[in-house]
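Presented below is the structure to which this report refers.
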Amino acid sequence: MRITEEVTVYCEGQPWDDDLRQEVYLKVLEADEFAVISKAWLSRVYTNLKKNHVRDETRRRELREEKHDIIIDMLGTRDVAADPAECLEMEEEAERKYKDLSPLLRQTMLHLLYQTAEEIAQQEGTSVNVIYQRIHQAKRLLQDG
């Protein structure tokens, strides 16, 4: 039986999504042609890939939450509303304002989550004053709308 057929037979009863199945196929194709492809090996490959997918999704979700919190803090709307529905509206408005920023300003604000203005300036090869001007402009646009 060919290796791809073995993978197909093994995958049939598994609760896999298509992306993971394709990645398992790629791992099998990358394996040494004389390697023994066992069910245990396929299971380990799948488990590791699934862990990576979950870890990556968690990182993306945390990054979105951090970005969202920064925007809310910049707008100063976190503690303004006591009503949860009103808070949700304010957060949606803040997200809309963030998306309306130019890509350069969004990028600068995103980098600001993890770097100082000095580090951003050094990375982009520009002056610290330019970075501070972008930050100020973004905050003004976020607050004014």
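Every number in this text was worked out from the coordinates using simple rules, so none of it is lab data. Model, not experiment: these values are computed from the prediction. Glycine gets a Cβ as well: all are built from the backbone with ideal geometry, and neighbour counts include every protein chain shown.
Table for the structure above
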{"quantity": "3J(HN,Hα) from dihedral phi, the stretch 129-138, Karplus parametrisation 6.51/-1.76/1.60, rounded to Hz, x for glycine, proline", "calculated": "4, 5, 5, 4, 5, 4, 4, 4, 5, 5"}
{"quantity": "Within straight-line cross-link reach of LYS99, lysines at Cα separation under 21 Å, skipping those fewer than 8 residues along the same chain", "calculated": "LYS67, LYS139"}
{"quantity": "Distance in nm between pseudo-label sites at GLU30 and GLU119 (7 Å out along the Cβ direction from Cα)", "calculated": "2.9"}
{"quantity": "Cross-link reach list, lysines versus LYS39, counting only Cα pairs under 25 Å and skipping chain neighbours closer than eight places", "calculated": "LYS27, LYS50, LYS51"}
{"quantity": "Label-to-label distance, nm, for residues given as SER102 and LYS139 (7 Å Cα→Cβ offset)", "calculated": "1.9"}
